1. Among T409, T437, which is surrounded by fewer than 18 Cβ atoms within 10 Å (Cβ to Cβ) and at pLDDT below 85?
2. Within the range 471-518, how many residues turn out to be outside any strand (DSSP E or B), surrounded by 15 or more Cβ atoms within 10 Å (Cβ to Cβ) and in contact (Cβ under 8 Å) with a residue 60 or more places away in the chain?
3. Just give me the residues in the range 152-173 being part of a strand (DSSP E or B) and under 22 Å from L492 (Cβ atoms), in sequence order.
4. Does the range 403-413 contain any residue that is touching a His at 6+ places or on another chain (Cβ under 9 Å) and part of a loop (DSSP other than H, G, I, E, B)?
5. If I ask for residues that are of a type outside the set (A, V, I, L, M), modelled with pLDDT of 90 or more and buried (at least 19 other Cβ atoms within 10 Å of the Cβ), which ones from the range 363-405 would you list?
6. Test each condition in (1) aromatic (F, W, Y); (2) touching a helix residue (DSSP H, G or I) at 6+ places or on another chain (Cβ under 9 Å); (3) more than 24 Å from D417 (Cβ to Cβ) for Y489 and report the one that comes out false.
7. Regarding L184, is this residue buried (at least 20 other Cβ atoms within 10 Å of the Cβ), more than 18 Å from the chain's Cα centre (by Cα), hydrophobic (A, V, I, L, M, F, W, C) and not in a strand (DSSP E or B)?
8. Kindly evaluate A426 against the criterion of being among the small types (G, A, S), over 30 Å from Q463 (Cα atoms) and surrounded by 13 or more Cβ atoms within 10 Å (Cβ to Cβ).
Amino acid sequence: MSRFFIQLTTLAALLAGSAFAYLLMIDGDQRYDIFDLIQGRPLTAVIGAETPIVAQAGDTEALLRAVPLDLNDTGVLQEVNHALSDLTDAVVTSVVSIDTTTNVNVSRIVPTDPFGFFGYRQNQKYKAPGLGSGVIVTEQGHIVTNHHVVAGVDEIRVTVHDGSEYTAEWVGSDPNVDVAVLQLKAPEGATLPKFRPLGFGDSDEVRVGEMVLAVGNPFGLNETVTRGIISAKQRELSDGSNEYFQVDAVINPGNSGGPLVNIRGEIIGINVAIFTGQQDVRVWQGIGLAIPANEVKEVFDAIVLGRPLIRGYIGIELENISRNLAIALGLKSTQGALITNVVAGSPAEEAGLKPGDVIVEFDGKAMKTAEDALSRIRSKKSGVVAKIGLIRKGEGLEASVPVMAKSDTNTLKLRSDISANGQSIAEALGISVSNLTSQQRLALGLKEDTAAVLINDVTQGSQAEQRFQKGDLIHKINQDSVTDIDVFYDLLGSLPQDKTTVMVLSRDGRLIRAFLNP
């Protein structure tokens, strides 16, 4: 026999054996063979279909008919959906939109020739808008938000859940924690309604993985609600900053100051920032940060209720290191904090810290400035032992310092304190001021909207006697308009301590600039 004939016979035998095995193993109803093909039997009738859909000519509905999903009981999912909707309805009524306005003065040179060699200076004014969120925490209309949302603004407008708008007054802040408290003001001749507040939860009990809602006004879209979980705790933006909750709920610009709430509708945090990561990536990257509620409530109680603000304390005074100081101390850089004083009997003294020591590390993290070191100390709880890295006379040392709790009002900025500080500065200068009456404005030829206060007395032999006279009008302090005596005291009380202050006055129709040293 030829080799080809043997191979052909072998192939035929294999095919016959496979066909016989198919006949034995496959049930007749599910078998598909040449006779099925000749008879036109549809393939789907035997592959994965117990009840085939047979479409008649033109019967498209039979082809599109979907077989219902055989799911288990969805009652639990429906209950979760209803609970989340109920929670959202209860929470959004206490969330507000905060619109701020800041008056900005810009000076530019207007050319008077085609080549730009000559020109004159022109001052331009415009109002810079700002946007943020807040949450009502008392029936009387107290609002908690971020300090950076309202810091340095000239006007605050708040829109509540029902669409009503109110002017809000800044009451106080703790810039280190980035928390501010506002008070809604009733329209003239009216009273404020009772508002529905949200309560504070215990942020110390928050666990990673808990479900949370973030509520706010991103990009001006009021009452936007996003859902997520607590991704991590004790996150830090920098070595000297506070610790935050990390959440994966979507947070965008405009969410700042809005509440982070748990499933019981309690405030467990105030949304503060988003972590941008790569600067060239222009999308949300899944990392939001919130200030824990216990820190927020502590600041609120200190500002509104007058309770002492408790902070970590070890008993040292610090200052930043200048270049000349670094050279004198033999330091390689200006990073760190110089200890200028150690309080007698304090934990720092007991641990052996001395004036002249330079703090370069705190719990293993490099300290760049005195503010970083103070922020780290204040964030520690009583009883915690801090590991402080020092440089003393060119040598590196490490000290273990137990932290104690102490009342601290230095971190708070209160409007009442600023106003009182402004009044004390005015008294120290030797001037007293008053608002202008309509008759005085008419006599001086001033419009009603012209910003000015009147100096009605100058103390003899005072510092003010060299610069001011009775009858002078004060219009501006460092480019900020002085509209009345309240604004005057607020501006005077918040003057920068390291810069020269310029007061713009008018005397007999002439503009005068008075310079005040720090």
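The values are calculated or read from the model by the stated rules, or taken from the named source; none is laboratory data. Here the structure is a predicted model, which is why all the values come from computation and not from measurement. A quick note on method: Cβ atoms are made from the backbone with ideal geometry, for glycine too, and the neighbour counts reach across all protein chains shown.
1. On the way: T437 fails: at pLDDT below 85.
Only one candidate passes the filter, namely T409.
2. Adding up the residues that qualify gives 8.
3. Going through the range 152-173, the residues part of a strand (DSSP E or B) turn out to be 155-159, 165-173.
Scanning the range 152-173 gives E155, I156, E169, W170, V171, G172, S173.
4. Looking only at the range 403-413, we keep the residues that are touching a His at 6+ places or on another chain (Cβ under 9 Å), and these are 413.
If we keep only those that are part of a loop (DSSP other than H, G, I, E, B) too, we end up with none.
Within the range 403-413 (the criterion being touching a His at 6+ places or on another chain (Cβ under 9 Å) and part of a loop (DSSP other than H, G, I, E, B)), the answer is no, since none of the residues qualifies.
5. Listed by number, the list holds a single entry, G389.
6. With respect to (1) aromatic (F, W, Y); (2) touching a helix residue (DSSP H, G or I) at 6+ places or on another chain (Cβ under 9 Å); (3) more than 24 Å from D417 (Cβ to Cβ), Y489 is out only on (3).
7. Values: buried (at least 20 other Cβ atoms within 10 Å of the Cβ): yes; more than 18 Å from the chain's Cα centre (by Cα): yes; hydrophobic (A, V, I, L, M, F, W, C): yes; not in a strand (DSSP E or B): no.
No, not satisfied.
8. Working: among the small types (G, A, S): yes; over 30 Å from Q463 (Cα atoms): no; surrounded by 13 or more Cβ atoms within 10 Å (Cβ to Cβ): yes.
Criteria not met by A426.
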